[in-house]
Structures are given as C-alpha cells and as structure tokens.
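Heads up: the structure comes next, in structure tokens.
Bear in mind that the values in this text are calculations on the coordinates, not laboratory data. None of the values given here were measured: they were computed from a predicted structure.
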C-alpha cells in the first residue's frame, strides 16, 4: 500500500501465487478530486494501470518519488512518457515522501 502526500490511499499492489506460478503484479491506483473525495480507481497489471492513470490525468500531476529513479522503472518507461504526451496534463511535480520536498519535473511549454 502506498499513501499520497495528504495521507490518502494512493495505490495498492498484489502479486498472487497460483499453484506455485507467479502472475504479473496487479496495481490499483486511487485518484482524488479537489475536495479530497475519491474520484477514480484504476486497476491493471504491470504497466497497464499506470498507463491508464496517466492517460486520464489532468492539470498538475503530483507524484511520490524518491530522489533516485531506476531507468527501467514503470515510472520511466510508462508513466512519465504517457503523462507528458497527455495534452490535459499541464505539469508534473514530484514529492519526496521522506522529506516532503517538492520538485517541478516537467511543465507543458
């Protein structure tokens, strides 16, 4: 389980083991409106939920992100490119969960 900067549930993930076989991780993301009410829930397998979330995002997107990001991570390969390609996203701001510091990662020109 992951929580956002306002201590709301951001994502849950599970990776079931069916008869000794691992299946791809399933992740559910939760999106909140300006009043703090849960507005959207997106579930998918490794990369699909993240891409759907990015395609449906709008305005300033805030992400929880530590200072180091792996090059081959879902963030680098799926989420970030989909967010920057989404014409409804105006900017992306990262919040370091450890310090609470914010960094503007990208702004639409």
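Here the Gaussian network model covers the chain, with springs between Cα atoms less than 10 Å apart; of 48, 27, 35, 35 fluctuates the most.
Under the criterion of Cα pairs below 8 Å and six or more residues apart, the relative contact order for the chain equals 19 percent.
Using only the alpha carbon atoms of the chain, find the Kirkwood hydrodynamic radius as the inverse mean reciprocal pair distance, in angstroms to one decimal. Please list the in-between numbers first.
Working: mean 1/r = 0.0678 Å⁻¹.
14.8 Å is the Kirkwood radius here.
Where is the GNM fluctuation largest for the chain (alpha-carbon springs, 10 angstrom cutoff): 25, 58, 37? Per the Cα network of the chain with a 10 Å cutoff, 37 tops the list.
Normalised by the empirical 2.2 N^0.38 Å for globular proteins, what value does the Cα Rg of segment 45-109 take? Can you show the working numbers first?
On the way: Rg = 11.5 Å, N = 65, 2.2 N^0.38 = 10.7 Å.
Taking N as the residue count of segment 45-109, the ratio is 1.07.
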